[in-house]
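Q: Below are the structure tokens for one structure; questions will follow.
Just so you know, all these numbers are worked out from the coordinates, no wet-lab data involved. In this text, all values refer to a predicted model and were calculated from it rather than measured experimentally. We place every Cβ from the backbone using ideal geometry, glycine too, and count neighbours over all the protein chains shown.
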Amino acid sequence: MIKLLTKYIINFIVLIFVQVFILNNFQFGGFINPYIYVLFILILPFETPKWFLLIIAFLLGFSIDIFSHTPGMHSSATVFMAFSRVQMLKTLSPRDGYETETTPSIKDYGGKWFLKYTIVLVFIHHIFLFYIEVFSFSDFFITFFRATISTLFSVALIMVIQFFYKK
């Protein structure tokens, strides 16, 4: 249990560090903003209580907000994603349910399952985040395009991380 807790704390810190000090400095034409810190919420165990998931999501988003000077934007988007994760896991649940002591990962459920799971939740996060950022529907299609392109780029990075993490 302590080993597992230590692993998640290290993941939390590393993902925040990579996001804040490396990926926040990459913006390709203002359209692609890779956000891989959401991987932490994606890989939490199935047995994580809903209330704890929301608290962790808030802390994760708040950490990014502090370093990015975006008051509440990442916090709210990450909490919304965590809230949506519960329903997404029910939707993608295997017929026999999830096995105990497994996590949503390529290693445990395969690439196809993890890709569907990741695309939907990262897209939900990005749509919420980008529309809060502009706080308007006047540039609806441009914002939608930014969210879509950023989702594809973020999902590609997350899948690469998962393939390396798998081994």
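Q: Report, ordered by the first and then the second residue, all pairs with beta carbons closer than 7 Å, sequence separation of six or more or different chains, a first member in the range 59-77 that is free of Cβ contacts under 8 Å to residues at least 12 places away in the same chain, and a second member that is assigned to a helix (DSSP H, G or I) and polar (S, T, N, Q).
A: Listed pairs, sorted by first residue: D65/S75.
Q: Please count how many residues of the range 6-43 are out of contact with any Ser or Thr (no Cβ under 6 Å at 6 or more places or on another chain), assigned to a loop (DSSP other than H, G, I, E, B) and more than 29 Å from P94 (Cα to Cα).
A: 6
Q: For residues that are aromatic (F, W, Y) and either touching a residue at least 40 places away in the same chain (Cβ under 8 Å) or buried (at least 18 other Cβ atoms within 10 Å of the Cβ) (or both), scanning just the range 78-103, find the one that is nearest to L39 (Cα to Cα). Please lay out each step first, then the result.
A: To start, the set of residues in the range 78-103 that are aromatic (F, W, Y) comprises 80, 83, 98.
The next check asks that each one be either touching a residue at least 40 places away in the same chain (Cβ under 8 Å) or buried (at least 18 other Cβ atoms within 10 Å of the Cβ) (or both); those that pass are 80, 98.
On the way: F80: 14, Y98: 19 Å.
That would be F80.
Here is a yes/no grid of residues against (1) farther than 30 Å from F141 by Cβ; (2) in contact with a strand residue (DSSP E or B) (Cβ under 7 Å, 6 or more places away or on another chain); (3) part of a helix (DSSP H, G or I):
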{"position": "L4", "(1), (2), (3)": "yes, no, yes"}
{"position": "P45", "(1), (2), (3)": "yes, no, no"}
{"position": "L53", "(1), (2), (3)": "yes, no, yes"}
{"position": "A57", "(1), (2), (3)": "no, no, yes"}
{"position": "A77", "(1), (2), (3)": "no, no, yes"}
{"position": "F80", "(1), (2), (3)": "no, no, yes"}
{"position": "Q87", "(1), (2), (3)": "no, no, yes"}
